[in-house]
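Report on one structure; see the data block that follows.
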Amino acid sequence: MLARVWSAALVGIDAVKVGVEVDVAGGLPGIVVVGLPDAAVQESRERVKAALKNAGYAVPMRRMVVNLMPADLRKEGPSFDLPISIGVLAATEQISLTLLEQTLFLGELSLDGSLHPVTGVIAIAAAAQALGIQKLVVPADNAREAAVVEGLEVYGFQNLSEVADFLNQPAGYSPLQLDGTEQLFAARVTGLDLKDVKGQIQARRALEIAAAGGHNLVFVGPPGSGKTMLARRLPGIMPQLSFEEALEVTQIHSVAGMLKNRGTLVGERPFRSPHHSASGPSLVGGGSFPRPGEISLSHRGILYLDELTEFKREVLEFLRQPLEDGQVTISRTRQAVSFPAKFTLVASTNPCPCGYFGDTIQPCTCSPRQREQYWAKLSGPLMDRIDLQVAVNRLKPEEITQQSLGEPTETVRQRVEAARNVAYQRFEAANKNSHLHCNAEMQSSQIRQWCQLDDRTRSLLENAIRKLGLSARGTDRILKVSRTIADLAGDQDLQMAHVAEAIQYRTIDRMQ
């Protein structure tokens, strides 16, 4: 007898519906799996036979052919254990076939028939809902994760026997119900507080602008000036993730196998901080079956590169395309996979190899040639894509000993959220289907529309272009930052003061 069960395979963070066909026919006993299975799927033959036997079901002493379709799509991982087992039970008429057409199955089996969680469940659940699948059967540990997706009946089970009983007597089971918005609120955690930062007024202002507009930021200063301390407080002042954004972030972390609390949406913006010894593939993602790298894991959050100039130049060049396009495309022989990568780049570095060039107390011991080689690791096109370039100076003695606290994170976040709302309403008024989330994502047409300058301000910008040698991309970045500064000030039109402040953040493009 022939039976068909539905499952799914991951392609990037998207899922493709996979049909699991099981045919029981004459021949030598055994299970043959076809349809481009990887080693983990091939090994499911032994897990399935042992699980069925130990769960008390009959394993036919006949030849069973399992076909995973589409046949030209590579299938990987242990998540096909459960659908193959259900297919065998259906083909041997040990379970009811009523629900099979409208149900999708996922799960890894142990030899005793118990179910273990698999990765990428929330991405598969979202795809199943979009495809019109009514029911999703997953291991119990994955149920809360899948139930975050609305419009889908999710059932979680501990073992194979429970799944078979559900298929035979579905009336005795109820789907798991979760409030995704409530889960998002519960996942929100409080980050480090900005009030602990002493002095550094300009750097704090740059953090606020970066959070309000989604702008890339680099801090340059001597050791101990507080660059890392400042950067780690940026997530706290950024707006809370919307439900749609949280779903995107959670899907990426689920596919990467990094979802710490299954069933809870990632409620805070990611903050990824790879070491400067990181390779290019670890940043952009890769592997025979591509998986997201640090760039995609930073989606809707922050990628922090400490000691920027210590990264290899070729590794830093991997950042250019994602910073411009908001996605990473990884090409392999059989397929090309795209991962979302709309992140805010925050970096910090010393001004020279010894770290004290321009310091008012400790003299620099580097030669001009050494400083030139030090900054040569950062190409002009890469620096063009960093909107805010801020010099962080050593704190003065009176700033170090002061007892008064700075402005707290909550106060700054309120201003940031107000500015983001202004920008969002502007995007929605122009196009209700706009996918823009912040000013940094504006394209040329939006810049022309919302960053118009009067004659005096245009003259100021032209002089800055000549003196700083700015490219057209660098000029657009200034206008985007100016738009964010105007939003923070509550001004509808760009003014000279807004553009002048934005220009001040472009003065260290090529520090030597």
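When Lys and Arg each count +1 and Asp and Glu each count -1, what net charge do the other residues less than 15 Å away from CYS364, Cβ to Cβ, add up to? In short, +1. Note on the chain: with neighbouring protein chains present and a 1.4 Å probe, carbon and sulfur make up 49 percent of its accessible heavy-atom surface. Extension gain, GLU324 to ALA472: 0.36 nm times the residue separation minus the Cα-Cα distance gives 51.9 nm. Every pair of different Cα atoms in segment 48-172 enters the Kirkwood calculation, which places the hydrodynamic radius at 14.8 Å.
The Stokes-Einstein estimate for segment 198-241, based on a Kirkwood radius over Cα pairs and taken at 37 °C with 0.692 mPa s viscosity, is a diffusion coefficient of 300 µm²/s. So if I take the centroid of the Cα atoms in segment 417-459 and the same for segment 347-391, what is the distance between those two points in Å? So the two Cα centres are separated by 32 Å. Per DSSP H run of n ≥ 4, the term is -39500 (n - 2.57); total these for the chain, divide by its residue number, and report the mean residue ellipticity at 222 nm rounded to 500 deg cm²/dmol. Mean residue ellipticity, 222 nm, calculated: -11500 deg cm²/dmol.
Classification of segment 310-442 by its C-alpha gyration tensor yields an oblate form. The axis ratio a/c (a ≥ b ≥ c) is 1.5 or more, and b/c is at least a/b.
The translational diffusion coefficient of segment 297-356, from Stokes-Einstein at 4 °C and 1.567 mPa s with a Kirkwood hydrodynamic radius over alpha carbon pairs, comes to 99 µm²/s. What number comes out for the charge environment of ARG320, summing +1 per Lys or Arg and -1 per Asp or Glu over other residues with Cβ under 12 Å away? The answer is -2.
Normalised Debye scattering of the chain at q = 0.08, 0.09 Å⁻¹ gives log10 I(q)/I(0) of -0.60, -0.72, counting only Cα atoms as equal scatterers and leaving out solvent. Shown here for segment 188-283: trypsin sites (Lys or Arg not before Pro) in loop regions (DSSP other than H, G, I, E, B) with at most 14 other Cβ atoms within 10 Å, namely ARG188, LYS260.
Hey, for a label at HIS116 modelled as a point 7 Å past Cα toward Cβ, could you say which residues of segment 136-153 have their backbone N under 16 Å away? Within reach of a label on HIS116, which here means backbone N under 16 Å from a point 7 Å along Cα→Cβ, segment 136-153 contributes 139-142.
The values are calculated or read from the model by the stated rules, or taken from the named source; none is laboratory data. From a predicted model like this one, the values you see are computed outputs, not experimental measurements. We place every Cβ from the backbone using ideal geometry, glycine too, and count neighbours over all the protein chains shown. These area figures cover heavy atoms from the full protein model, side chains too; ligands, DNA and RNA do not enter into them. Shrake-Rupley method; radii C 1.70, N 1.55, O 1.52, S 1.80 Å.
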